Structure formats: structure tokens, C-alpha cells
Amino acid sequence: MSAESTTPVIAPALRLEGLYAGYGRFDVLHDIALHVERGEAVALLGPNGAGKTTLLRAIMGMVKQRRGVIEVAGTDVSRLPTHRIARGLVGIVPEGRRLFLGQSVEDNLRLGGLHLRHDHARTAQLLRSVFDLFPVVERYRARPATALSGGEQQMVAIGRMMMSDPELMLLDEPSLGLAPLAIQSMADALLALRERGRSILLVEQRVDLALQVCDRIYVLSGGRIVEQGAADDIDGRGRALIDAYLG
Amino acid sequence: MLLQVLLSGLAIGAVYGLMAMAFAIVFYVTRVINFATGQLLMVSIMITAALSRAGLPDIVSVVVGVLASTVAGVLIYLLAVRPVLRFDRFSFAWLVSTLGVAIVLQSLAAIIWGPTSRGFPALLNRDNLHIGGAGISVQELLTIIVAIVVLVGFELVRRRTLFGKLGQAISADPEMASAIGARVTGFAIAAFAIGGLLAGVAGILVGPITFSNPYLGDTYGIFGFIALMIGGIERPAAAMGAGSCSASCPSVRTRSSARRRPTGSRSSSSWPCC
């Protein structure tokens, strides 16, 4: 048997094929085909109402898909409940962060690593990696999540996602409502995650941030993928096209 | 006299407190008030009394009675709460559905065992202890101890364990809790089961001092709910405390009226509901 034939084929972190999903009787997403390779950061751009958040919710199993394939690291998650998907397959930083505000920063982080709660060594290691990335979070670990600024809360939300050690990280408009300085810190954190080999699907409205952080971009409009390409290839004309789609 | 009133009040309050706790734990996780909680107490009393009359040993009757109220709690969630929350997570339809279950349980009990009161096994109510001149039955003492154990246990779990913090997280944002890997439905089932268990235990503790009656659930359900409202719906421990405090006043009143009762009337119990 040749060496080539024994090399296992590594499934992409995310593969969507012919995906239709929506609410009630209405489809929001139509025939979505998208993939995120391992260690790759991909941006999903689009105007308000394009279906970006619905797409992330469909991957998390919060919106049931009507047709199509959703595979995460080679696992078909289209029939899995959300809590199973969240256990090491997909982690999410939702729009608005949605931290558990009644709890401390550290409790929020530990809750993120719920499925690893019996593996104390792994939990400690993940907690350390969060604190290395966000030293300010370690400083405020005992504070209630409500006592933090928007930027700091966003760090906790990213840390909570990291604690589940997922195959794929989803971030829904993490720059929303943040000051310019906080946005840059967040971009640096995302770049650090990419350097650590994490697979990221980033939903953003800020094209500059998406181009800075991601390897490739998809543009979603009216629930369909209308453009895609490598971030490096986006020239002035492509940028103008994206801006036009974003309105 | 004061010690006697205090002990009696505490014993009664412990039952109200357990009922308040049964309400509060369900609300703590699911944001639903199970208005059939009083009827779960009645279920454990009626089944325990029926099995005891059928000749089963008391311990077996008690275990089956408490198990029955626990299972009934889970069934209430699965049949009357979960379907309406699935339809609309933010609707208050559970208010009507749990009240409906309360009426159904009460009516079923009346059909099966008849609407009149019957006896309940004495269990530990025969033995009395004397503390500083005040008398207290072993049953009443057990009631206080159980309430304290439940209260301390609950607070320890809530404050010190990830499990307790997860309960809070599910209560605050069930969808996000699910997105971090929590089995929200499993937690809700567990909350209703614990609610049923506590109501069932309260029933066993109060049973020997009262009768088995299909309409008993209303009284204890209302008292438990009042304790919950006084203590704070989001603070099960405070609800338990409120149950104990609120029971002292009726206890004093019952003591006063007991002294005015004619000789030979049933005055051995300090329980206002009897």
C-alpha cells in the first residue's frame, strides 16, 4: 500500500452544501455552499437581513435546516441537537455576547468548558490559554460579568467559546458596539487564534476587519452566496463590489 | 410556652418552606411556576395512605408515595409545560396548563379514593421529645431537620458547584446555555422531578398530623406559594425562611384558640391546617 493511500483525508472544519434553512414556513437561506478548511479564517459579509446570523444558527442547530448538508470536521451535525454540537464541535460568540451576567467572569469561562468539566487538567490548560490571550480577563476573573466594559465582555465571550475547545469557532459581529481601540484588540485576538490553528467563521459588517483577519470571504445577500474569494485578491473593484452589497 | 410556639411554628414553617422550595427550584431553572405543586403533595399523601391501608409496610408505602409525586412532577413537565413552551417559549400558557393539571389530579384522587378524609399512618408522630419544657413529636423534629438539610444542600449546590451555576445560566438564557453544551430539557425534567420529590417529602412529613384528603393540595400549595412570594421567587433559601416565619403567626393563633377550645376537642396538633 502506498504512503499516499494511507494518508487520511482531513475533512474541512465546516462544509455546507445545498443548505436551505429558515423560520416557520419561510426559507431564509437558499442553496448555501460554503466551506472552512482546518486552520482557516473565513469571513461572511453581508447587509442586514442577508441571513448571516441565521446561517450561524443553522450550523449550531438552533434553526433546523430543511435541505442540504452541514458537516463539522467530517461529522454530520444536521440532525444533532444544539447541546451536542456545542460539545467540542462548534463554539459560538453570539451577537450581543450573551454572557451569563449574574455570574463571575471565571464562572462564565468554566461554563464554556462544560463538556470537559471532568477533565480538570484540560480545563486548567484551556483556562490558561484564555488568560494568556486576554490578561485583563485573568485580572477580573472574580468580578461579575456585568462589571466589565463592552470590550472586556467580548473577550470573556471569546474566552467562553475557547473553553469548549471546538473544531470550529463562530463569531457573530464581534465588533458591534465596541470602541475603535477595543475593535483592534479583538482583531489581534482573532489573529492570535488563527495563528494557533483554529478554524474560524466570522460574520462581520466591517470589511476592513474581515480582510485583516480572514483568509477568504463570502458575501451573503438575500439568503444566497453572491460573491466569494481570497481576502488577498480583493482589489479596489472587488472592495467596491462588497461595499455595494453591504449597502 | 414561647419555645413551644417556636418549635411548632418551625415545624409547620418547614413544611411550607419545603413547598416554597418545590415551587422555587422549578422556577429557578425553568421560569415556570408549577401551580400543581400542592397536588403533588396530595398525591404522595393519598398513595401512601392507600398502600398503608392495603397492608403494605409503612416504609414501602412512603417510598412509593414520594416516588409517585416525583414521577407526577416529571409528567407535568412533559405533558403540560414542555408542549406549550415549545409552541412559544415566552408564553404564559403554563399558568393555565399547570392549574388544569392541579384540577385533574384533585378530581382523579376524589374519584379513586372518594372526597372524604381518611386516616394516614402515624409514622414517627407517636413518639414525643421534650426540649426545655416544650414538647415536640419526632415527626415534627424530622420535618425541621429535613428542611434544614434540603436548604443547606440546595445552597451548597447552587453556590459551589458548576451544576448549580449551570442551573442559573439555563434560567437566564436557555438558548445560550444550550449553545455551551447544556441539556436544557434534561435540567428542566430534573427540576420538576426535584419539585415533585420535595412536595412528596413535605406530604409524608405533614401526613401523620393531618388526614389523607384529595383537596389537601390547595391548602399547602397556597401556603407554599405565599412563602415563595414573601421570600422572593428567585431566592429559594429566602422562600424557605419566609415559610418558617409566616407559620409562627398562625401557630400562635392556633395555640391561643386551643386554650379556648372545650375539653375533649382535638387539640394535640399545633398545625393550623388541621
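The values are calculated or read from the model by the stated rules, or taken from the named source; none is laboratory data. Predicted model only: the values in this text are computed from it and were never measured. Positions of Cβ are backbone-derived with ideal geometry, glycine not excepted, and every protein chain shown enters the neighbour counts. The protein model used for the area step is the full one, side chains on, heavy atoms only, and it has no ligands, DNA or RNA in it. Shrake-Rupley method; radii C 1.70, N 1.55, O 1.52, S 1.80 Å.
Any residue in region B:51-61 that is modelled with pLDDT under 90 and in contact with a Lys or Arg (Cβ under 9 Å, 6 or more places away or on another chain)? No, that holds for no residue.
For region B:159-170, a tally of residues being in contact (Cβ under 8 Å) with a residue 12 or more places away in the chain and more than 9 Å from chain A (Cβ to nearest Cβ) returns 2. You will find that of A:Val105, A:Val42, A:Val90, the residue that is within 14 Å of another protein chain (Cβ to nearest Cβ), under 14 Å from A:Val203 (Cβ atoms) and buried (at least 23 other Cβ atoms within 10 Å of the Cβ) is A:Val90 and no other.
Can you pull out the residues in region A:188-235 that are assigned to a loop (DSSP other than H, G, I, E, B) and more than 17 Å from the chain's Cα centre (by Cα)? Give the derivation first.
From region A:188-235, those assigned to a loop (DSSP other than H, G, I, E, B) are A:196-198, A:205-206, A:214-215, A:222-223, A:234-235; that's our starting set.
The answer is A:Gly222, A:Gly223, A:Ile234, A:Asp235.
With surrounded by fewer than 16 Cβ atoms within 10 Å (Cβ to Cβ) and closer than 15 Å to A:Gly222 by Cβ as the only criterion, which of A:Gly18, A:Gly24, A:Gly49 stands out? Exactly one of A:Gly18, A:Gly24, A:Gly49 is surrounded by fewer than 16 Cβ atoms within 10 Å (Cβ to Cβ) and closer than 15 Å to A:Gly222 by Cβ, namely A:Gly49.
Going by what's in this entry, would B:Thr48 be described as closer than 27 Å to B:Ala238 by Cβ and polar (S, T, N, Q)? Let's see the steps before the verdict.
Working: closer than 27 Å to B:Ala238 by Cβ: no; polar (S, T, N, Q): yes.
Criteria not met by B:Thr48.
A Cβ distance below 9 Å, combined with a sequence gap of six or more or placement on separate chains, defines the contacts here; from region B:84-96, residues that are on the phi > 0 side of the Ramachandran plot reach no residue that is hydroxyl-bearing (Ser, Thr, Tyr) and assigned to a helix (DSSP H, G or I).
In a residue-by-residue description of region A:109-121, the property of being modelled with pLDDT of 95 or more, of a type outside the set (Phe, Trp, Tyr), open to solvent by 30 Å² or more (accessible area, probe 1.4 Å) and in contact with a Leu (Cβ under 9 Å, 6 or more places away or on another chain) applies to at least one position.
Against the definition (touching a strand residue (DSSP E or B) at 6+ places or on another chain (Cβ under 7 Å) and not basic (Lys, Arg)), how does A:Ser149 come out, yes or no? It is false that A:Ser149 is touching a strand residue (DSSP E or B) at 6+ places or on another chain (Cβ under 7 Å) and not basic (Lys, Arg).
The lone criterion from (1) away from chain B (no Cβ under 14 Å); (2) open to solvent by 30 Å² or more (accessible area, probe 1.4 Å); (3) in contact with a Lys or Arg (Cβ under 7 Å, 6 or more places away or on another chain); (4) of a type outside the set (A, V, I, L, M, F, W, C) left unmet by A:Arg139 is number (3). Just one residue in the set B:Gly153, B:Gly243 is open to solvent by less than 10 Å² (accessible area, probe 1.4 Å) and more than 14 Å from chain A (Cβ to nearest Cβ); that residue is B:Gly243. Taking region A:108-130 as the range and being more than 9 Å from chain B (Cβ to nearest Cβ), part of a helix (DSSP H, G or I) and not hydrophobic (A, V, I, L, M, F, W, C) as the test, the residues that pass are A:His120, A:Arg122, A:Thr123, A:Gln125, A:Arg128, A:Ser129.
Could you pull out the residue among B:Leu129, B:Leu166 that is of a type in the set (A, V, I, L, M, F, W, C) and either in a helix (DSSP H, G or I) or buried (at least 16 other Cβ atoms within 10 Å of the Cβ) (or both)?
Numbers: B:Leu129 fails: either in a helix (DSSP H, G or I) or buried (at least 16 other Cβ atoms within 10 Å of the Cβ) (or both).
Result: B:Leu166 is the single residue among B:Leu129, B:Leu166 that is of a type in the set (A, V, I, L, M, F, W, C) and either in a helix (DSSP H, G or I) or buried (at least 16 other Cβ atoms within 10 Å of the Cβ) (or both).
State which residue is farthest from A:Ser199 (Cα to Cα) when the search covers only region A:62-87 and only residues that are at the interface with another protein chain (Cβ under 8 Å from one of its Cβ atoms) and open to solvent by less than 20 Å² (accessible area, probe 1.4 Å). My answer is A:Thr82. Counting only residues that are over 15 Å from B:Ala188 (Cβ atoms), in contact with a strand residue (DSSP E or B) (Cβ under 8 Å, 6 or more places away or on another chain) and open to solvent by 10 Å² or more (accessible area, probe 1.4 Å), give me the helices (runs of 4 or more DSSP H) lying completely in region B:1-91 with at least 2 of them. Ranges flagged: B:2-30, B:37-53. Summed over region B:177-208, the residues that are away from chain A (no Cβ under 14 Å) and among the basic types (Lys, Arg) give a count of 0. Within the set A:Glu173, A:Glu195, the sole residue that is among the charged types (D, E, K, R), touching an Asp or Glu at 6+ places or on another chain (Cβ under 6 Å) and surrounded by fewer than 21 Cβ atoms within 10 Å (Cβ to Cβ) turns out to be A:Glu173. When B:Pro115, B:Pro174 are checked against the criterion of being touching a residue at least 24 places away in the same chain (Cβ under 8 Å) and within 14 Å of chain A (Cβ to nearest Cβ), a single residue qualifies: B:Pro174.
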